[in-house]
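The values are calculated or read from the model by the stated rules, or taken from the named source; none is laboratory data. Predicted model, so just to flag it, every value in this text is computed and none were measured. When we count neighbours, we look across all protein chains shown, and the Cβ atoms used for this are built from the backbone with ideal geometry, even at glycine. Surface areas here come from the heavy atoms of the whole protein model, side chains and all, with no ligands, DNA or RNA. Shrake-Rupley method; radii C 1.70, N 1.55, O 1.52, S 1.80 Å.
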Amino acid sequence: MQNEIDVKSVIGLCDLLITCRMHIAIVALSKNVPVISFVYQGKFEGLYNFYDFKQNLMFEKDNFEIDRLKETISYILINDFSKMIEKKNKNVFELAKKNFEF
C-alpha cells in the first residue's frame, strides 16, 4: 500500500477488522466496519461507548482467551452491524460539529 488513502480504501472493503491501533479502529468504524480491538492504556473504551455492540469487542493482554476471540469474530460475522454503526456515526458527526460552532 502506498499511503493512508490505500489503507482506508482496503478497510472499507472489510467485513471485520482486528487491530490494536486506535486510529485504524476509528477509520474502520467511520467506514461502518466493525472492529475487534486489542486494547492498551484505556484508549478504546471511550470509542466503543458510542456504539451499541451487545458483546465486548475489546481484548486485554491480561485476560485474552482464544475461545472468546472466536466467539466474538462469529458474533460480528453473523450479525450485520453496518446500519447501527452508520447511525451512530451520524451522532458522532453531530457531536463533532457542535465542537466547531461559535
What part of the accessible area of the chain, given as a whole %, is carbon or sulfur when the probe is 1.4 angstrom? 54 percent
What dipole magnitude, in Debye to the nearest 20, does region 1-99 give about its Cα centre under +1 on Lys/Arg Cβ and -1 on Asp/Glu Cβ? 420 debye
Just flag the trypsin sites (Lys or Arg not before Pro) in region 37-102 sitting in loop per DSSP whose Cβ has no more than 10 other Cβ atoms within 10 Å. Lys54
Report, in degrees rounded to the nearest 10, the 0 to 90 angle that the Cα long axis of helix 82-99 makes with the longest principal axis of the chain. 40 degrees
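Taking only protein heavy atoms and a 1.4 Å probe, what accessible area per residue, in Å², does the chain have with all protein chains in place?
The answer is 71 Å² per residue.
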Projecting each Cα onto the charge dipole of region 8-102 (Lys/Arg +1, Asp/Glu -1 at the beta carbon, about the Cα centre), which of Phe100, Ser82, Asn49 comes out farthest on the positive side? Phe100
Between the Cα axis of helix 66-78 and the main Cα principal axis of the chain, the angle (0 to 90°, nearest 10) is 50 degrees
Met84-Lys8 pseudo-label distance in nm [points 7 Å out on the Cα-to-Cβ vector]: 2.6 nm
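Using a ≥ b ≥ c from the Cα gyration tensor of region 32-102 (square roots of the eigenvalues), is it rounded, prolate or oblate, where a/c under 1.5 gives rounded and otherwise the larger of a/b and b/c decides, a/b for prolate?
oblate
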